[in-house]
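Chemist: This is the structure, below, for whatever I ask next.
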There are 2 protein chains.
Amino acid sequence: MANMNDVTNDFDLEQFLPYLLNQAAEATSHSFEKEYRDRYGFTRTQWRVLANLGKFGAMTARDICAIGHIEKTKVSRAVAALETTGMLHRSPSERDRRAEVLSLTEKGLGVFAELGSMAVSFDRQLRDMLGSDQAGQLQALLRRLMALSPSSSQS
Amino acid sequence: MANMNDVTNDFDLEQFLPYLLNQAAEATSHSFEKEYRDRYGFTRTQWRVLANLGKFGAMTARDICAIGHIEKTKVSRAVAALETTGMLHRSPSERDRRAEVLSLTEKGLGVFAELGSMAVSFDRQLRDMLGSDQAGQLQALLRRLMALSPSSSQS
DNA sequence: TTGACTTAGTTGCGTACGCAACTATTAGTG
DNA sequence: CACTAATAGTTGCGTACGCAACTAAGTCAA
């Protein structure tokens, strides 16, 4: 006498990891996004590109794609935008004339410093809410997940 | 004699939870997205709306917004699309003439069953890669994070 | 050197989205 | 009841994006 409707599989949205990850990502990113959007008119991708350059120093667009798992057209457009707002500077690579080495300008560094410190305190709040051990666990798990994933070229 | 450049705060992208969450969410969602996009031409939001209706049964758009933390215009458009492809059916609510009760059609239920079982096996793969205790931890942490978040109306 | 293949980066086109503004209905208050 | 505020849902407009196609430069081998 099983439920006739057992076509309905045992799928449970609330336990579906991609769904939970998405929700958590949206929820946390969304509030911080307001900061860079309102203050500097940045896109999420622009913020990421800036953050990568700020953290790791001058590098090529291709490197940003690889490190940040960001698709190249997204990076291309973000770089263009950051350049026109004077945040970064492109200089032709000498090793490869197809590539350009990107580096933050003084202005870009300043903005990175500001947003970076806001990010730090935002992150601290999150970690405080979670409790620092749990936050650490979460971080480790996310890292592991990334390491296991097929990596791919990402969205 | 601190580093003159200590405007450079201690921000570390690789430890920034919103960033890690985003990467993990993108990475995991991206591969599953291919399934519903290729097979049914669904948007991520369409898939989520269908999944919520499939899991929780008939409900109003507003409820979907609340449960799934999805913004209402997104839901509105997804519902419209799912209706034109015959996945769901709207009937006017008797309690509130502004609202409409949404329910999956036979076709919608069938599609939900198919995608649901694919989701189950996709999720199982993820959990196998992580190890089931770690997967469980991750799930619990994400839930907790969502519970703590200001919730808001979400993207 | 030349020709086939890969790679760095850009761009055109179509789509999903975010936000603000809108309509229609309901709730609340004197 | 009358009038204001809140709510369910839709839509117009501008933007960021995904994908495929493209240009230009590098690689590799015969």
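Chemist: Between a first residue in the stretch B:84-102 that is without any contact (Cβ under 8 Å) to a residue 24 or more places away in the chain and closer than 18 Å to residue B:45 by Cβ and a second residue that is open to solvent by less than 40 Å² (accessible area, probe 1.4 Å) and not basic (Lys, Arg), which pairs have beta carbons less than 8 Å apart while being 6 or more apart in sequence or on different chains?
Modeler: What qualifies is B:86/B:105; B:86/B:108; B:90/B:79; B:90/B:102.
Chemist: Let me ask something additional. State whether one or more residues within the stretch B:68-79 are within 16 Å of residue B:50 (Cβ to Cβ) and acidic (Asp, Glu).
Modeler: There is no residue in the stretch B:68-79 that is within 16 Å of residue B:50 (Cβ to Cβ) and acidic (Asp, Glu).
Chemist: Oh, and also: Mind listing whichever residues of the stretch B:84-123 are more than 30 Å from residue B:38 (Cβ to Cβ) and of a type in the set (S, T, N, Q)?
Modeler: B:91, B:93
Chemist: Consider residue B:115 against the criteria (1) within 30 Å of residue A:135 (Cβ to Cβ); (2) within 11 Å of chain A (Cβ to nearest Cβ); (3) out of contact with any Cys (no Cβ under 9 Å at 6 or more places or on another chain): it satisfies all of them except one. Which criterion is unmet?
Modeler: The failed condition is (1).
Chemist: How about the stretch B:50-92: which of its residues are within 11 Å of DNA strand C (Cβ to nearest atom), open to solvent by less than 20 Å² (accessible area, probe 1.4 Å) and in a loop (DSSP other than H, G, I, E, B)?
Modeler: B:70
Chemist: Residues to consider are B:27, B:66; find the one that is in contact with a helix residue (DSSP H, G or I) (Cβ under 8 Å, 6 or more places away or on another chain) and under 26 Å from residue A:30 (Cβ atoms).
Modeler: Details: B:66 fails: in contact with a helix residue (DSSP H, G or I) (Cβ under 8 Å, 6 or more places away or on another chain).
Residue meeting the stated conditions: B:27.
Chemist: Near DNA strand D (Cβ under 8 Å from one of its atoms) and open to solvent by less than 10 Å² (accessible area, probe 1.4 Å) - does that describe any residue in the stretch B:34-48?
Modeler: no
Chemist: Which of the residues belonging to the stretch A:33-57 are of a type in the set (A, V, I, L, M, F, W, C) and farther than 17 Å from residue B:11 by Cα?
Modeler: Within the stretch A:33-57, the subset of a type in the set (A, V, I, L, M, F, W, C) is A:42, A:47, A:49-51, A:53, A:56.
Correct list: A:42 only.
Chemist: Also, quick follow-up: Considering the stretch B:93-139 alone, what residues qualify as being among the aromatic types (Phe, Trp, Tyr) and either surrounded by fewer than 17 Cβ atoms within 10 Å (Cβ to Cβ) or under 22 Å from residue A:25 (Cβ atoms) (or both)? Show your work before the answer.
Modeler: First, pick out the residues of the stretch B:93-139 that are among the aromatic types (Phe, Trp, Tyr): B:112, B:122.
If the condition is that a residue be among the aromatic types (Phe, Trp, Tyr) and either surrounded by fewer than 17 Cβ atoms within 10 Å (Cβ to Cβ) or under 22 Å from residue A:25 (Cβ atoms) (or both), then B:122 is the only one that fits.
Chemist: Answer yes if at least one residue in the stretch A:96-110 is at the interface with another protein chain (Cβ under 8 Å from one of its Cβ atoms), in a helix (DSSP H, G or I) and at pLDDT 95 or above, and no otherwise. Working first, answer last.
Modeler: We begin by selecting, within the stretch A:96-110, every residue at the interface with another protein chain (Cβ under 8 Å from one of its Cβ atoms); these are A:109-110.
Filter once more, so that each one left must be in a helix (DSSP H, G or I): A:109-110.
Subsequent filtering for residues that are at pLDDT 95 or above retains A:109-110.
Yes, there is a match, as at least one residue in the stretch A:96-110 is at the interface with another protein chain (Cβ under 8 Å from one of its Cβ atoms), in a helix (DSSP H, G or I) and at pLDDT 95 or above.
The values are calculated or read from the model by the stated rules, or taken from the named source; none is laboratory data. Only a predicted model underlies this, so the values are computations on that prediction, with no experimental measurement involved. Please note: Cβ atoms are built from the backbone with ideal geometry, for glycine as well, and neighbour counts cover all protein chains shown. Remember, those area values only see protein heavy atoms, side chains included, never the ligands or the DNA or RNA. Shrake-Rupley method; radii C 1.70, N 1.55, O 1.52, S 1.80 Å.
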